[in-house]
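The values are calculated or read from the model by the stated rules, or taken from the named source; none is laboratory data. None of the values given here were measured: they were computed from a predicted structure. Backbone-built Cβ (ideal geometry, glycine too); neighbour counts: all protein chains shown.
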Amino acid sequence: MNKAGGIILYLIMVAMMISQGKAFAQADSSSKAAEPATDFKIKSESGFRRWLDEKPRGLYNNTSFAIASLRGNIFCGMQTAFGYKFNPYLGLGGGIGIERLTDLPTYSYYKGNFTFLPVFAELRYTVLKRRFSPVVALQGGYKFLINTPSTQMDEWLEWIYPPYAWNYYYNYDTYHSGGGFATLEIGVNTKVYKRFGVYASVDYSVWSVHGTNHYWIYQATSDGTGETHSVATEYTQNVLAYQEILMFRLGFTF
């Protein structure tokens with residue numbers, strides 16, 4: 001073989017080695033590329049399952065029962081709220097409830113028994129995207145008064161000219177309408193099955209009620225023969241009483 005033939009043979013061998021090296025490189029790179037594709041598929045499936053189970057967006061419900069209050073009320077009401085979750089954390093909705101609160105202070109030492117129908121809007125925030133998560137909610141609306149409660153009555157006697165003239169005094173309040181309210185709710189939600197959970201919270205609520213103060217004066221006189229004459233006069237004025245209460249609630253969510 002001459003010199004030119006040897007050079008040509010050498011170039012052919014080099015070309016074959018380069019081509020084989022590229023093939024191995026392509027095989028290696030293709031096998032490596034397959035791994036991210038498989039991993040991506042697994043992540044996609046788990047993400048879909050997570051979305052299916054947790055449903056981070058869509059309608060939600062929170063229903064709870066007032067177990068006790070610091071005023072001594074036991075099993076004093078319930079409420080339910082429906083809304084829309086924009087993501088796993090933030091939801092906006094509204095709801096309605098019923099409350100029966102006895103011996104509720106109005107102002108001074110007057111107390112009454114009230115039945116309310118609260119209607120409200122709420123902003124609800126779930127802190128963590130986990131099975132156990134703190135929840136904070138702000139509610140605002142109006143508490144409709146569906147009874148007409150009266151407070152206890154004060155009465156006392158004042159002698160004007162014993163034993164011939166004296167005055168009786170009576171004082172009490174009646175309430176005829178509720179008022180606006182605001183509630184701060186702090187709780188914890190525990191998922192028991194997919195999106196269904198058990199909920200516990202502490203609520204602090206403030207609101208107002210409107211009513212009338214009644215002040216009566218009975219002016220009595222006696223002529224000494226046992227016959228008594230009296231004149232009754234009533235004075236009224238509007239009253240506005242502010243209320244506050246701390247409640248403990250248990251319920252469920254989905």
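Tell me whether the stretch 54-63 contains one or more residues that are among the acidic types (D, E), out of contact with any helix residue (DSSP H, G or I) (no Cβ under 9 Å at 6 or more places or on another chain), outside any strand (DSSP E or B) and surrounded by 13 or more Cβ atoms within 10 Å (Cβ to Cβ). Before the answer, list the steps.
To start, the set of residues in the stretch 54-63 that are among the acidic types (D, E) comprises 54.
Now restrict to residues that are out of contact with any helix residue (DSSP H, G or I) (no Cβ under 9 Å at 6 or more places or on another chain): 54.
Then drop every residue that is not outside any strand (DSSP E or B), which leaves 54.
Subsequent filtering for residues that are surrounded by 13 or more Cβ atoms within 10 Å (Cβ to Cβ) retains 54.
Checking the stretch 54-63: at least one residue is among the acidic types (D, E), out of contact with any helix residue (DSSP H, G or I) (no Cβ under 9 Å at 6 or more places or on another chain), outside any strand (DSSP E or B) and surrounded by 13 or more Cβ atoms within 10 Å (Cβ to Cβ).
Return the total of residues in the stretch 220-236 being within 30 Å of R71 (Cα to Cα) and surrounded by fewer than 10 Cβ atoms within 10 Å (Cβ to Cβ).
Taking the stretch 220-236 first, the residues within 30 Å of R71 (Cα to Cα) are 236.
Imposing the further condition that a residue be surrounded by fewer than 10 Cβ atoms within 10 Å (Cβ to Cβ) reduces the set to none.
Selection size over the stretch 220-236: 0.
Does the stretch 109-125 contain at least one residue that is of a type in the set (K, R), under 22 Å from I74 (Cβ atoms) and in the same structural domain as S64 (by TED's automatic domain parsing)?
From the stretch 109-125, those of a type in the set (K, R) are 111, 124; that's our starting set.
Now narrow it down to the ones that are under 22 Å from I74 (Cβ atoms): 111.
Adding the requirement that they be in the same structural domain as S64 (by TED's automatic domain parsing) leaves 111.
Within the stretch 109-125 (the criterion being of a type in the set (K, R), under 22 Å from I74 (Cβ atoms) and in the same structural domain as S64 (by TED's automatic domain parsing)), the answer is yes, since at least one residue qualifies.
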